[in-house]
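Asks: Dumping the structure here so I can ask a few things about it.
The values are calculated or read from the model by the stated rules, or taken from the named source; none is laboratory data. Worth saying up front: this structure is predicted, and the values here are computed from it rather than measured. Backbone-built Cβ (ideal geometry, glycine too); neighbour counts: all protein chains shown. Ligands, DNA and RNA are stripped out before the accessible areas are found, and what is left, the full protein with its side chains, is counted by its heavy atoms. Shrake-Rupley method; radii C 1.70, N 1.55, O 1.52, S 1.80 Å.
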Amino acid sequence: MTTQASPLPRHVAIIMDGNGRWAKQHKIKIALGHRTGVEALRAIIRESSDLGIEALSLYAFSTENWKRDPAEVEALMGLLLEFFTSEIDELDEKNVCIRILGDKDGMPEKQRQALINAETRTQSNTGLHLNIAINYGGRAELARAARILAEKALRGEIKPEEITEQALSDALYTRGLPDVDLLIRTSGEMRLSNFLLFQCAYAEFLFPTVLWPDFSLEDYHQALDAFARRDRRYGGRNS
Ligand code: IPE
Ligand code: IPE
Ligand code: MG
């Protein structure tokens, strides 16, 4: 197992941004930028699992990304399918439990099946919780949670006063997992872009300028070191 400064974050979230700019810099097609991005992602997943991080949430495709050029969307959908087909054996072997954050029903059929298959096959694994956000939006997730709770209330299963922060948290895609401790967004952009709005309430943020396809294990270790040095107060005081 790799050594790393402690404390380690229990839950790391990553907004993998900068594939487009990376492709532009290298004067290659955008799809190749995304493909190289997948390579970076494979390494980060493995490392997180080896380090013993509890949960890793990766932003792969937002509800807003459908606005992009159809050819780019198609390339991303192709890569997604390829990723789940080629990685599932190794991830399962590594005891990784995959969860999809987002609306699978809004995905093309082949991709939808691959996502369901990955979740079903790894659901009882007890290692790294790997959350992949696909067709995901934080506001959509909160609206869905509100709907789930409203339906429960209508059926008389819960009272309005039982709609607590915990109940809301349990109605999110991330139910049962700890809140995000560390959020990393590559490419220097400093915004959440609708990612894990509820779960990031007390997350530490890091915005390395490196573009996602260049994000290395060294960059990851640096981010984890920086996290270990943060003074987390949660509104209180640390003496
Ligand atoms: C992030 O890279 C990957 C996805 C959104 C799928 P971008 O494609 O957003 O890269 P930039 O921001 O254009 O550089
Ligand atoms: C966020 O990046 C979504 C993913 C990384 C999947 P975007 O590149 O889509 O976000 P904006 O448009 O810069 O806010
Ligand atoms: Mg971007």
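Asks: If you scan region 140-195, which residues turn out to be without any contact (Cβ under 8 Å) to a residue 12 or more places away in the chain, of a type in the set (D, E, K, R) and in a loop (DSSP other than H, G, I, E, B)?
Replies: Once the filter is applied, which keeps residues that are without any contact (Cβ under 8 Å) to a residue 12 or more places away in the chain, of a type in the set (D, E, K, R) and in a loop (DSSP other than H, G, I, E, B), region 140-195 yields 155, 157, 159, 175, 191.
Asks: Every residue in region 196-215 that is in contact (Cβ under 8 Å) with a residue 40 or more places away in the chain, within 16 Å of ligand 3 (Cβ to nearest atom) and among the aromatic types (Phe, Trp, Tyr), please.
Replies: Across region 196-215, the qualifying residues are 212, 215.
Asks: If you check residue 4 against the conditions, is it touching a His at 6+ places or on another chain (Cβ under 8 Å) and more than 9 Å from ligand 1 (Cβ to nearest atom)?
Replies: Details: touching a His at 6+ places or on another chain (Cβ under 8 Å): yes; more than 9 Å from ligand 1 (Cβ to nearest atom): yes.
So residue 4 passes the test.
Asks: Among what's in region 182-221 and is away from ligand 2 (no atom under 16 Å from the Cβ) and touching a helix residue (DSSP H, G or I) at 6+ places or on another chain (Cβ under 7 Å), pick the residue that is farthest from residue 153 (Cα to Cα).
Replies: Top of the filtered list is 217.
Asks: Scan region 215-226 and tell me whether some residue there is under 24 Å from residue 22 (Cα atoms), surrounded by fewer than 15 Cβ atoms within 10 Å (Cβ to Cβ), out of contact with any Gly (no Cβ under 8 Å at 6 or more places or on another chain) and among the small types (Gly, Ala, Ser).
Replies: yes
Asks: Quick one: would you say residue 31 is more than 8 Å from ligand 1 (Cβ to nearest atom), open to solvent by less than 70 Å² (accessible area, probe 1.4 Å) and out of contact with any helix residue (DSSP H, G or I) (no Cβ under 9 Å at 6 or more places or on another chain)?
Replies: No; evaluated as a whole, the condition is false for this residue.
Asks: Across region 5-28, which residue is farthest from ligand 3 (Cβ to nearest atom) among those that are under 18 Å from residue 226 (Cβ atoms) and open to solvent by 60 Å² or more (accessible area, probe 1.4 Å)?
Replies: That would be 6.
Asks: Here is a follow-up. Which members of region 1-60 meet the condition of being touching a Phe, Trp or Tyr at 6+ places or on another chain (Cβ under 7 Å), of a type in the set (D, E, K, R) and more than 16 Å from ligand 2 (Cβ to nearest atom)?
Replies: Answer for region 1-60, where residues must be touching a Phe, Trp or Tyr at 6+ places or on another chain (Cβ under 7 Å), of a type in the set (D, E, K, R) and more than 16 Å from ligand 2 (Cβ to nearest atom): just 47.
Quick grid of which residues meet (1) assigned to a helix (DSSP H, G or I); (2) farther than 20 Å from residue 34 by Cβ; (3) open to solvent by 20 Å² or more (accessible area, probe 1.4 Å):
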site: 57; (1), (2), (3): no, no, no
site: 61; (1), (2), (3): no, no, no
site: 66; (1), (2), (3): yes, no, yes
site: 71; (1), (2), (3): yes, no, yes
site: 74; (1), (2), (3): yes, no, yes
site: 78; (1), (2), (3): yes, no, yes
site: 88; (1), (2), (3): yes, no, no
site: 115; (1), (2), (3): yes, no, no
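Asks: For residue 102, state whether it is small (Gly, Ala, Ser), surrounded by fewer than 16 Cβ atoms within 10 Å (Cβ to Cβ) and within 17 Å of residue 57 (Cβ to Cβ).
Replies: Numbers: small (Gly, Ala, Ser): yes; surrounded by fewer than 16 Cβ atoms within 10 Å (Cβ to Cβ): no; within 17 Å of residue 57 (Cβ to Cβ): yes.
For residue 102, the condition - small (Gly, Ala, Ser), surrounded by fewer than 16 Cβ atoms within 10 Å (Cβ to Cβ) and within 17 Å of residue 57 (Cβ to Cβ) - is not met.
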